[in-house]
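Below is one structure, written out as structure tokens; comments come after it.
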Amino acid sequence: MRSLNQVFMAAIVVTILSSQFAFGQQVASRRSSPKAAAACSAAWTGTVSYRRSQSQSETKTVERVSGRGQDTRSWEMKYDYNARVSVVESAERNGSSSGRATINHSFSSIEKVDAVEKNSCDRGKTWKDMRGTSTSKTTASASATESASISVGVNDDGSYAVSVGLPQIRGQVSGETTSSYSGQCTPKEGKTLTSPASETTIDGNSLTSDGSHRVDPNDPNRISGSYTLSLPGNVTETITWNLQKCGAPLRITDLRFEHMKFPNWDDWHEISEQAGTIDGNFVKIKATVLNASGESKSGTVRFKETYKGDKWDGARPDGPLSDAETSFRLDAGEEREVEMIWDSSGYSWYDDGRPRYLQRIKAELEEKGKKIDEMTKNIKVAPKPVVLVHGLWSNWKAWETWQNILTTSHSYDWKAFPVGEKPDKGIMNTGGSFLSTQPTNSIAENARELEKYIKYAQEDRNAWHVDIVAHSMGGLISRYYIAQIMDAQSPDGRPKVSRLIMLGTPNMGSPCADVMDLAFELTGNRVEAVRQLRQDHAAGFNRINTARKGVKFSALAGNPLPTMCKSVVWNDGVVSVPSAKWNVSDTAESKSLHTDLTGTADFSNFVKPRLAVGPKGDHNPAAPETPQAANLIEVDARTPLRSRSYGAATTWFAAYDPGVDPSVASGPFARSVDVAAKQTVEIEIPVAAASNFGVTFMADPSISVLLVDANGQVVGRDDSGSPGSRSWFRSIFYDKPISAATWKLRVENTGDREHRIVVTTWADATR
């Protein structure tokens, strides 16, 4: 095993490898006002950055001499050396430059040995694994500010090379070795040995670009670029420069952006122009200011948003960002970062709903009230991720087209996260396929899965906030998550979920679930997904889940059908308009059926306008709202379901008994029938005198149903293939007084395989 000193010395060798390398590009745009070359000093001033990095790893397994075990050795080394050099005119004023470098160095080497060997403690009667593990770690660090040499050589043909030389600095080196054992015949205690920190020397570095860069003849007093070289041993060196002659002594040398790495508040990381940030994230804007003169200077930096170069709004004037002015004073040759925190909320959109692909941020530098320099840089702000929550008898594929919808509406950076698409991140169970009797998760259990998927979306996109779009029961799951699980607010004072958009959510339950739940029970089935949509279940849910924690609620109600189950009310085939709107102030109605509310039309008309909110929109948390008790349906949970009263009409159910003459049955019934492919069956229905009469059934869309009265007349129908056939709860309503008699339901299966129909009846519907 190599000693601590051997490991460290091996790493020091890395620091003295030679350096030559190539690659260059502009890093930012800025306006310049060069003076004639002859009218100023020939000294180059500005900034030069240097970085040298190396990482190596090795894993090797060898057999032990005994042949009864093996040793596995793993080694990893990381080395990072960074220097930023402020380049100013030398004190001699002879046209040469001098540099002041801020240097940071870090090194770590970790070697781990895992040994295992089979041995016997009872002279070969039994054998067992004996193990030992040792870990050796060496670390070194250093930071200093020292003088550095800088030179720029420009040839007659305009090519030039930039050179940097960095001095030795003093640092600290320390080490630690730990060991542990198990399975030995005589127990052996592990140990930890620490080498105290001691002073060491970190060698300097130097690098010269390859001379392939050329001066722009239209701007000969400014050069900027970058050069990179890869060397054996996975070593990379890079030098980056931004230099000028004849410029203002006080200038901006760099402009960059940082955001916090979710979920670690105040953990700032630089934003790459390719990746960008997410709408609603806080962004730290940093402008680096250099005083290249030989005396102290004061100035002011102002940050603005600029539209110059924008395709649509290039003529718009610059606009100052809030709290975006900072004054400073720099000593001779000093370089400093000036920063502000920018709230990016709304900056993925324009205020008229158009997508905004890039935001241009400008830093302006003023001295004595006069602008002397500026720099502009682009930052991409993508919309918040949209978490999509499916409803009853569904899964993530209900949202399969939504990534294309979001991409078309903005760009591929607007990401859809349908819960369950990646099962390892969270998957809900809302009843499987249509009419499935399999067990389902409770709303609370599904909300826990939603919680996991929201966290996944935030981590994947580095987003501090998300939006939720929920269909049907998914809205109840989302409401439970917000009320019971979600933190009251994020560290920035806003809720984690910015907006919840509910599409056809049964916030007050569904009267069809009331009648069908009992129908399932009477026919020997138990469909938990339907039970969770009953009005009494919704009433209990609404009493508990009232907190919205600043989340903005929006609700879309489908209204294509005029009646449903026990009431004459506009509905989408599953949920009535009042139930979908509930206690939500921001609502709208659609002609879509329940299962169609996730389509493109309702996205464009209802969903997108509520998500595509520009900078001037309202991005503050919603004011607290308290649901009105008058809208809740109160049901005593101790009352048997068979005799519960819902609103003005009380429905009494009697199980259908084939041994009883239907003509003498005392009330509505429930029946389940399997209908073979291409088969037609008739179901006799006993009816009592009533002011009106209805039949509700659940069946595949390929099932056609005719309601026939005692005289053989067809009084209602629901044909296969019609828009209403795709509803979960299909109803036929006869809105006339009836007398006691026996009616018939004629059921035709137009499909190619057997389907089940579950039927129940009701009367005296409320209006």
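The values are calculated or read from the model by the stated rules, or taken from the named source; none is laboratory data. Computed from a predicted structure; not experimentally measured. Don't worry about glycine lacking a Cβ; one is built from the backbone with ideal geometry, like all the others, and counts go over all protein chains shown.
Of note:
- For S433: the one exception among (1) among the hydroxyl-bearing types (S, T, Y); (2) assigned to a helix (DSSP H, G or I); (3) farther than 27 Å from A612 by Cβ: (2)
- Single match in G319, G353, G294 (criterion: touching a helix residue (DSSP H, G or I) at 6+ places or on another chain (Cβ under 8 Å), in the same structural domain as D267 (by TED's automatic domain parsing) and surrounded by fewer than 16 Cβ atoms within 10 Å (Cβ to Cβ)): G353
- Region 553-578, subset at pLDDT 95 or above and either of a type in the set (A, V, I, L, M) or within 30 Å of the chain's Cα centre (by Cα) (or both), residue farthest from S727 (Cα to Cα): F553
- Selected residue (criterion: nearest to G204 (Cα to Cα)) from residues of region 168-180 that are buried (at least 17 other Cβ atoms within 10 Å of the Cβ) and not β-branched (V, I, T): G171
- Long-range neighbours under 9 Å by Cβ, at least six apart or interchain, first residue more than 30 Å from V164 (Cα to Cα) within region 52-68, second part of a loop (DSSP other than H, G, I, E, B): R68/W127
- Residue selected from region 66-106 under the condition crowded, with 22+ Cβ neighbours inside 10 Å and among the polar types (S, T, N, Q), by the criterion modelled with the lowest pLDDT: S97
- Filter pass, K370 being surrounded by fewer than 18 Cβ atoms within 10 Å (Cβ to Cβ) and out of contact with any Leu (no Cβ under 8 Å at 6 or more places or on another chain): yes
- Within region 274-303, the set of residues being farther than 20 Å from I341 by Cβ and not small (G, A, S) comprises Q274, L290, N291, E295, K297.
- Within this structure, T600 fails the test of being in the same structural domain as D467 (by TED's automatic domain parsing), of a type outside the set (D, E), modelled with pLDDT of 50 or more and in contact with an Asp or Glu (Cβ under 9 Å, 6 or more places away or on another chain).
- Neighbours by Cβ (under 6 Å, 6+ apart or cross-chain): first from region 133-161, closer than 30 Å to V116 by Cβ and at pLDDT 95 or above; second not charged (D, E, K, R) and not in a strand (DSSP E or B): T138/L4; T138/V7; T138/F8
- Residue within region 253-274 that is outside any strand (DSSP E or B) and within 25 Å of E89 (Cα to Cα) present: no
- Entry remark, region 720-744: residues being at pLDDT 90 or above, of a type outside the set (V, I, T) and either under 25 Å from V527 (Cα atoms) or not in a loop (DSSP other than H, G, I, E, B) (or both) number 6 in total.
- Identification of helices (runs of 4 or more DSSP H) wholly contained in region 483-595 with 3 or more residues that are in contact (Cβ under 8 Å) with a residue 24 or more places away in the chain, in contact with a strand residue (DSSP E or B) (Cβ under 6 Å, 6 or more places away or on another chain) and outside the structural domain of G346 (by TED's automatic domain parsing) yields 511-522.
- Hey, D114 within 30 Å of G225 (Cβ to Cβ), surrounded by fewer than 16 Cβ atoms within 10 Å (Cβ to Cβ), modelled with pLDDT of 90 or more and within 44 Å of the chain's Cα centre (by Cα) or not: no
- When P418, P495, P423 are checked against the criterion of being surrounded by fewer than 15 Cβ atoms within 10 Å (Cβ to Cβ) and of a type outside the set (G, A, S), P423 stands alone in meeting it.
- Any hit, region 229-237, residues being over 40 Å from the mean Cα position of the chain (by Cα), more than 30 Å from D129 (Cβ to Cβ) and surrounded by fewer than 20 Cβ atoms within 10 Å (Cβ to Cβ): no
- Screening E273 with (1) touching a residue at least 60 places away in the same chain (Cβ under 8 Å); (2) under 16 Å from A363 (Cα atoms) gives one miss only, at (2).
- Annotation: of all residues in region 182-207 being over 30 Å from K118 (Cβ atoms) and without any contact (Cβ under 8 Å) to a residue 24 or more places away in the chain, the one that is surrounded by the most Cβ atoms within 10 Å (Cβ to Cβ) is T194.
- Filtering region 709-724 to residues that are surrounded by fewer than 19 Cβ atoms within 10 Å (Cβ to Cβ) and closer than 11 Å to V747 by Cβ leaves only S720.
- In region 240-272, the qualifying residues are those that are more than 27 Å from G211 (Cα to Cα) and basic (K, R), and the one that is farthest from the chain's Cα centre (by Cα) is R256.
- Inter-residue pairs, beta-carbon under 9 Å, first of a type in the set (D, E) and in region 611-624, second surrounded by 20 or more Cβ atoms within 10 Å (Cβ to Cβ), 6+ apart: D618/K552
- Taken together, W342, W396 contain a single residue that is surrounded by 14 or more Cβ atoms within 10 Å (Cβ to Cβ), touching a residue at least 12 places away in the same chain (Cβ under 8 Å) and not assigned by TED's automatic domain parsing to the domain that holds V301, which is W396.
- Per this entry, K736 is counted among residues that are over 16 Å from C512 (Cβ atoms) and touching a Ser or Thr at 6+ places or on another chain (Cβ under 9 Å).
- Of residues in region 265-282 being among the aliphatic types (A, V, I, L, M) and surrounded by fewer than 23 Cβ atoms within 10 Å (Cβ to Cβ), the one modelled with the highest pLDDT: I271
- Complete set of residues in region 219-237 that are farther than 30 Å from E76 by Cα and among the aromatic types (F, W, Y): none
- Subset of region 286-318 (residues that are basic (K, R) and assigned to a strand (DSSP E or B)): K286, K297, R302, K304
- Any hit, region 449-465, residues being over 18 Å from the mean Cα position of the chain (by Cα), surrounded by fewer than 18 Cβ atoms within 10 Å (Cβ to Cβ) and either touching a residue at least 40 places away in the same chain (Cβ under 8 Å) or under 30 Å from W570 (Cα atoms) (or both): no
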